[in-house]
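The values are calculated or read from the model by the stated rules, or taken from the named source; none is laboratory data. Bear in mind the structure is a predicted one, so any value in this text is a computation, not a measurement. Backbone-built Cβ (ideal geometry, glycine too); neighbour counts: all protein chains shown. Areas reflect the complete protein model, heavy atoms only, side chains present, ligands, DNA and RNA absent. Shrake-Rupley method; radii C 1.70, N 1.55, O 1.52, S 1.80 Å.
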Amino acid sequence: GSLRLESRVHLPHHTCRPHSHSCRLSCCSLPAPLPTLFPAQCTPPSNLSPASPLSPARLTSIKMESSSSWAAQKKNVVRIFELFRASLSEEARDALAPHPFEELSEEEACNPKMFEEFSHFLVYEYKIESGRFMSQTLAVGPATNYIRILLNLVSDRFKSCGTAETRLSLTALDSYANTEAAVWFKRVKRKMVRTIFQRSMSSGEEMDKSETPLYLEHIKAVCRAYGREGSAEAALRKLAIKCLWQGAGRASEAAWLSWDSLQWDPFFGSVFAEFPQSKMSKYKEIPLVAGADRHSCFFVDFGDFLVLDNKSVHCPDD
């Protein structure tokens, strides 16, 4: 069976293009929400509104995902801070960080000298503990990000209840501020960047520590392997990978692809889908298009999925 898709485009004031002869929906009569395209990976909230791509329920779920990632980063920085405390001599620990982070007083947590010593620890002493770059020193991005997160944690604890002096010192987080604290924090980060760069340059270290990019030939090889396997799960995975590739986004974006978000555009002859972007709390429209061969074509993968999948619930009239 064919999938019933709404034939409209987003125009000012939600003006819709006349429907094609194959479309059975009107702009003022929208269907009830359909299940997620990839049910095994993600089930969206049941109260999503098809007329509102980013309804409050979906926004809440996306922000929860983003919040969990942020919470993990903060937890990791607190862990690194405890490693920093353990590396200090007893005298230095008493002067800079006499207690675990959660127990530091307002005055102790806002001590500039503590942040300067923590930046030194991140640049010279801390080693990555797992993964591809295990036992290597931090690159510029993670090192400056960690010290900023630590200052954010201090801000979370004392910005609303701290003294006027503390609130002024926390203006260091404002990139556009010209306060003494902001100038100091920019200087600390610049020194970190310069030191790490010079060290990497002199030792011949790899400066770009991003992952190896994937190209269409890799996607086609993966889809070819799934196609040879031939199961319903393989068809689902093949379609998910193709949507992710054509969407050119984060893996979580494809997981949120729903039946409601698919729209057939008769002008371009393609399916358009709404991909939520969790970090920005916005969505982007992505065309899912035909490919030059069966391993790069969305419609081939979509057809395989519709034929082999027995978990999705389709409209009985389709």
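Entry remark, the stretch 254-294: residues being aliphatic (A, V, I, L, M), surrounded by fewer than 19 Cβ atoms within 10 Å (Cβ to Cβ) and at pLDDT 85 or above number 3 in total.
Per-residue answers, yes or no, for (1) at pLDDT 95 or above; (2) closer than 19 Å to Met201 by Cα:
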{"site": "Ala92", "(1), (2)": "no, no"}
{"site": "Ala97", "(1), (2)": "no, no"}
{"site": "Glu107", "(1), (2)": "no, no"}
{"site": "Cys110", "(1), (2)": "no, no"}
{"site": "Glu117", "(1), (2)": "yes, no"}
{"site": "Tyr124", "(1), (2)": "no, yes"}
{"site": "Glu129", "(1), (2)": "no, no"}
{"site": "Arg132", "(1), (2)": "no, no"}
{"site": "Val140", "(1), (2)": "no, yes"}
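Against the numbered list (1) under 30 Å from Phe101 (Cβ atoms); (2) touching a Phe, Trp or Tyr at 6+ places or on another chain (Cβ under 7 Å); (3) of a type outside the set (Ser, Thr, Tyr); (4) at pLDDT 90 or above, Lys242 comes up short only at (1). The condition of being at pLDDT 85 or above and surrounded by fewer than 20 Cβ atoms within 10 Å (Cβ to Cβ) does not hold for Val313.
Put simply, of Ala109, Ala164, Ala143 the only residue that is over 28 Å from Asp208 (Cβ atoms), among the small types (Gly, Ala, Ser) and open to solvent by less than 20 Å² (accessible area, probe 1.4 Å) is Ala109. Give me the residue from the stretch 226-250 that is open to solvent by 40 Å² or more (accessible area, probe 1.4 Å), in a helix (DSSP H, G or I) and of a type in the set (D, E, K, R) and, out of that set, nearest to Leu214 (Cα to Cα). For the stretch 226-250, the residue satisfying everything is Arg237. For the stretch 52-61, does any single residue satisfy the condition of being out of contact with any helix residue (DSSP H, G or I) (no Cβ under 6 Å at 6 or more places or on another chain), modelled with pLDDT under 75, open to solvent by 40 Å² or more (accessible area, probe 1.4 Å) and of a type in the set (A, V, I, L, M)? There is at least one residue in the stretch 52-61 that is out of contact with any helix residue (DSSP H, G or I) (no Cβ under 6 Å at 6 or more places or on another chain), modelled with pLDDT under 75, open to solvent by 40 Å² or more (accessible area, probe 1.4 Å) and of a type in the set (A, V, I, L, M).
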